Amino acid sequence: MSQEQVASQHNDINRRDMSLDCGTPVAILLSLYNGAPYLLQQLNSLLQQTHLNWTIYWRDDGSADTSTTVMRQFARQAGKERCVEVTPRNGEHLGVTSSYTLLLTQTPPNATIAFCDQDDVWFPDKLERGLYALSTVPEQIPALYCTRQTLTNKNLRPTGLSPQLPNTTSFLPAMTQNIATGCALMLSPAACTLLRKAMPPPSFLLHDWWAYLMVTGAGGRVLTDNRPSLLYRQHGENAVGARSLFLHRALAALKRGPTAFMNIFRANTLYLLHRQNLLTQDNINSLHLLRKTQKSGWQGLLARVSTLHRLKSLRRHETLEQLVFRVWFLLG
């Protein structure tokens, strides 16, 4: 980091350190893994947030580069009010979901959560917009807010937008696909409490789909915003990439085939049935129906046909994607 960059950061921090108690507290969860080339740009974008009351909870997930050096230098400038290093198992490679879950366990119970990728750049109003949306939901109801992203190449040149989000969604659509991208996702305190009760997360899912399933399963609210809130950098080494064109997404899905998806679908069903105490009765009933579809032979096929007829909302949001889902589901 150059002296000019350090000085610029220091000035930004000084302008904000008198306003740490303004507004709803937000815990920004940041897991590092070999992200040094892009990390400073992301950190600088956090300093530009119009909502001022935020704290980064971060850990290193076994980086072999200078990610921790960059982060600790930033933290020294920002101060302990801005950056909290989560040290349990720090430096051990846990993987994306386990690392973010560990961070979630270390955050204050009254904080709104924002997941943060190390290589993106946030728009200045990202936190402000999310907090405004979440404030429309009664505080006892779990709520999840997510936006679209502006996709870019590694140099932050825009290449398109992530897929459009539906205006409304619910538990059964969440069983068929994930629409909540982690880097664009914020969770209300009630949603964070719910996730802590549901731990551990499933080993086969990323943290964002897990959050989406649990919030909808518990009868919570999902708030979608089709205005992008960040630059989502695609550089070939992303933990999870994004495809803006439906054709590209469809070809990738067809390449994976039905087996991988249905294995996850069945595993999600079992995972959620083991957490019935956190779910609504209607959603529990739906899960029991889905469990019966996992039989083999004609009995299983008839059960799947019947379930598609009875559970009208067990569908994906796009027509062609729904067609692919129906075929895969019927094949079992």
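The values are calculated or read from the model by the stated rules, or taken from the named source; none is laboratory data. In this text the structure is predicted, and so the values were computed from the model without any measurement. All Cβ positions, even for glycine, are placed from backbone atoms using ideal geometry, and neighbour counts span all protein chains on display. The protein model used for the area step is the full one, side chains on, heavy atoms only, and it has no ligands, DNA or RNA in it. Shrake-Rupley method; radii C 1.70, N 1.55, O 1.52, S 1.80 Å.
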### Task
Once you have the Cα-Cα distance between Ser313 and Asp65, take 0.36 nm times their residue separation minus that, and quote the gain in nm to one decimal.
84.7 nm
### Task
Grab the other residues whose beta carbon is less than 12 angstrom from that of Pro142, score K and R as +1, D and E as -1, and report the net.
+2
## Note on the structure
Each label sits 7 Å from Cα toward the beta-carbon; between His93 and Trp298 the label points are separated, in nm, by 5.1
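Give the accessible surface of the chain per residue, rounded to a whole number of Å², with probe radius 1.4 Å and ligands, DNA and RNA excluded.
Details: 15370 Å² over 332 residues.
Solvent-accessible surface per residue comes out at 46 Å².
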### Query
Amide H to amide H under 5 Å from Val121: which residues, 5+ apart in sequence or cross-chain, H placed 1.01 Å off N in plane?
Leu231, Arg233
### Query
Cα axis of helix 297-310 to longest principal axis of the chain: angle in degrees, 0 to 90, nearest 10?
70
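Can you give the longest run of the chain that contains no GluC sites (Glu not before Pro) sitting in a DSSP loop with at most 15 other Cβ atoms inside 10 Å? Working shown, then result.
Numbers: sites that count: Glu81, Glu92, Glu139, Glu237.
Here the longest run is 140-236.
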### Query
Taking the simple approach of a point 7 Å from Cα along Cα-to-Cβ for both Asn167 and Ser306, what is their distance in nm?
3.5
### Task
Mind pulling the angle between the C-alpha long axis of helix 3-16 and the longest principal axis of the chain? Nearest 10 degrees, somewhere in 0 to 90.
80
### Query
Using a probe of 1.4 angstrom, how much of the accessible area of the chain is carbon and sulfur, in percent?
53
### Message
Just to confirm the number: angle between the C-alpha axis of helix 189-198 and the first principal axis of the chain, 0 to 90 degrees, nearest 10?
### Response
60
### Message
Probe radius 1.4 Å, ligands and nucleic acids left out: which of Ile284, Ile141 has the largest accessible area, and how do the rest follow?
### Response
Ile141, Ile284
### Task
Just flag the chymotrypsin sites (Phe, Trp or Tyr not before Pro) in segment 48-150 sitting in loop per DSSP whose Cβ has no more than 11 other Cβ atoms within 10 Å.
none
### Message
Just checking my list [x] 21.9; [y] 19.5; [z] 20.8 against Kirkwood radius over Cα pairs in Å computed from this structure; which label fits?
### Response
[z]
### Query
Of all trypsin sites (Lys or Arg not before Pro) in segment 66-143, which ones are in loop regions per DSSP and have a Cβ with at most 11 other Cβ atoms within 10 Å?
Lys80
